1. What's the magnitude of the charge dipole for the stretch 33-155 around its Cα centre, counting Lys and Arg as +1 and Asp and Glu as -1 at the beta-carbon? Answer in Debye, nearest 20.
2. Which value, in debye to the nearest 20, gives the size of the charge dipole of the stretch 321-407 about its Cα centre, when Lys and Arg are +1 and Asp and Glu are -1 at the Cβ?
3. So how far, in whole Å, is the C-alpha centre of the stretch 181-213 from the one of the stretch 37-53?
4. Starting from 0.36 nm per residue, how many nanometres of slack lie between R105 and R237 once their C-alpha separation is accounted for?
5. Any idea which of P74, A146, G102 is furthest toward the positive side of the dipole for the stretch 33-155, if Lys and Arg beta-carbons carry +1 and Asp and Glu beta-carbons -1?
6. Report the extension gain between F61 and N325 in nm, rounded to one decimal, defined as 0.36 nm multiplied by the number of residues separating them, less their alpha carbon distance.
7. At T143 and T125, where each label point lies 7 Å from the Cα along Cα→Cβ, what is the point-to-point distance in nanometres?
8. What does the charge count near T53 come to, summing +1 for each Lys or Arg and -1 for each Asp or Glu among other residues with Cβ under 13 Å from its Cβ?
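Taken together, the values in this text are just the output of simple stated rules run on the coordinates, not laboratory data. On a predicted model such as this, the values are computed, not experimentally measured, just so you know. All Cβ positions, glycine included, derive from the backbone under ideal geometry; neighbour counts span all protein chains shown.
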Amino acid sequence: MQSFGSLLRWLALILALALAAGSARAQAPEPPAVLDVRLGDHPNRTRFVLETTAPLDFNLFLLDRPYRVVIDFPPATWQAGGDLHRGLGVIAGYYRADADSGTTRVVLDLARPARVRDVFYLPATADVPYRFVIDLEPTDAATFAAEMRGPAERRSGVQAVAATTPFPVPPPRPAPPRLPVVAIDAGHGGFDPGAIGPGGLFEKDVTLQVARRLRDALETGGHYRVVMVREGDEFLRLRERVRRARVSGADVFLSLHADSNPDPDLHGASVYTLSDRASDREAALLAQRENRVDALVGVEMETADDVMASILIDLAQRVTRNESNLLAQVLVARLAEQTTLLNHSHRQAGFAVLTAPDVPSVLVELGHLSNPHDARRLATADYQERLAGAVAAAVDDYFARLGDLDG
């Protein structure tokens, strides 16, 4: 069950997109679209199916080194998820590789040589759109080479739409219940170490270690799908972190950091949410330091041209900010059970990493590497586990408050 805030947020974004696209739709018909992709593995063949809004012209050809099947379609809107996918049967994986001409290209990486046994369209029905179908069967390298050089008459053009097929398209698998998506962002990485503690303890290492422990804690209960914004020692621009979280469909964005301060006596954890104005001078300086990484590589805030869209997105941001504040409140309460907190432990600052308009986002300062006591604890597995457990419990509290978890 979604919260009222979540519904309002999505409504605002949908209205904004509708307004932005309205004039374009009035001037030209909508392009054909690829709606979904399905694979079926059978004893003697592998079936690849594209669901489309209309029968699309196509050109199919084979390539070797490595073995591939390539299908080119006219320009089409791709609504079938991400660009890179795992395969099934003789298909090791498949991906989009659109050409510069606007051609929509789909490439099937083959696990072994295979021949095209059949290729055809199935007609649309009241409940099912058009389906472009390719049946592949295993073969040997010599046969593959002969097929690759052979005539391609039946591998191009829109063929007669088949009313039936001897091999029924496998029915779509029922979608599992949607789990809330939690995006975990381990701060800094790559050439950007973040704060540096005693003995060369890097913030980027501490945040990644805690992020992995938090991922494990969240996945243990089976209530969430967890997305790691960075898996290893990788430098990411701040807005790339936000982009990855949004693309993953994140319901919550948690950015983990470990602070540094000129005062070595300052210690404790804190939680930040986005504000146009920093809540105090320390928060402002911290946000400025974090955001500077993007400034160095020339990343600028995007601005909306459509006035109405801006108003609606602003509405979504307000709802998101309220939910971010709720998340911050439960985080502060749970962290207080495990560690010392700064005074005014829920703070606000203009962190670029918190700017997603439609994802409740918080930045958690796990402690201060500039404080010897905090640094020693942050370097230990036991303390990292305690912090990860506190954040995981706060995520449970947050979704329970929203009514997004059953019980």
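1. Working: 15 positive and 17 negative charges, 57 e Å.
Charge dipole, the stretch 33-155, about its Cα centre: 280 debye, nearest 20.
2. On the way: 7 positive and 11 negative charges, 75 e Å.
Using Cβ point charges on Lys, Arg, Asp and Glu, the stretch 321-407 gives about 360 debye.
3. Result: 42 Å between the Cα centres.
4. On the way: separation 132, 0.36 × 132 = 47.52 nm, distance 2.93 nm.
Extra length from R105 to R237 when fully extended: 44.6 nm.
5. Farthest towards the positive pole: A146.
6. On the way: separation 264, 0.36 × 264 = 95.04 nm, distance 5.40 nm.
Additional length available on full extension: 89.6 nm.
7. Distance between the two pseudo-spin positions: 3.2 nm.
8. For residues surrounding T53, the net value is -2.
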